[in-house]
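Each remark here refers to the structure printed beneath this line.
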């Protein structure tokens, strides 16, 4: 099946033998093939405070969605950390430019 460019939301429900169940939501975003800018972790084509907050949430162990970790390591250190969030925040207010 080929999905059109859009955001799809799926609910996955699992039930065991004693009728206990659990569910989770999966969000799939289909976009055009492009090279995304470092720091644009939600792929909305804007580097803003939302990206900063999402990186910070990821750093403290949360799982913000949609989140694309390949754009989150802004400083190239190999880790997604608070330094990346600070760099995106500084770029957002115009104090620095992010690497391409």
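Rule-based calculations on the coordinates, nothing more; no lab input. Worth saying up front: this structure is predicted, and the values here are computed from it rather than measured. A quick note on method: Cβ atoms are made from the backbone with ideal geometry, for glycine too, and the neighbour counts reach across all protein chains shown.
Label points 7 Å out from Cα along the Cβ direction at residue 97 and residue 77: separation in nm?
Once both label points are built, they end up 2.4 nm from each other.
Does anyone have the angle between helix 82-92 and the longest principal axis of the chain? Alpha-carbon axes, 0 to 90°, nearest 10?
60
Please determine, in degrees from 0 to 90 and to the nearest 10, the orientation of helix 49-59 with respect to the longest principal axis defined by the Cα atoms of the chain, where the helix direction is its Cα long axis.
Between helix and principal axis, roughly 60 degrees.
For the chain, what's the relative contact order in percent, using C-alpha pairs closer than 8 Å and at least 6 residues apart? Write out the running numbers ahead of the final one.
Values: 145 pairs, mean separation 22.8, N = 100.
Relative contact order of the chain: 23 percent.
Want the number for residue 18 to residue 4: 0.36 nm per residue separation, take away the alpha-carbon distance, what's left?
Between residue 18 and residue 4, full extension yields an extra 1.2 nm.
So I have (1) 1.09; (2) 1.05; (3) 0.99, and one of them is Rg/Rh (Cα atoms, Kirkwood Rh) calculated from this model. Which one is it?
(1)
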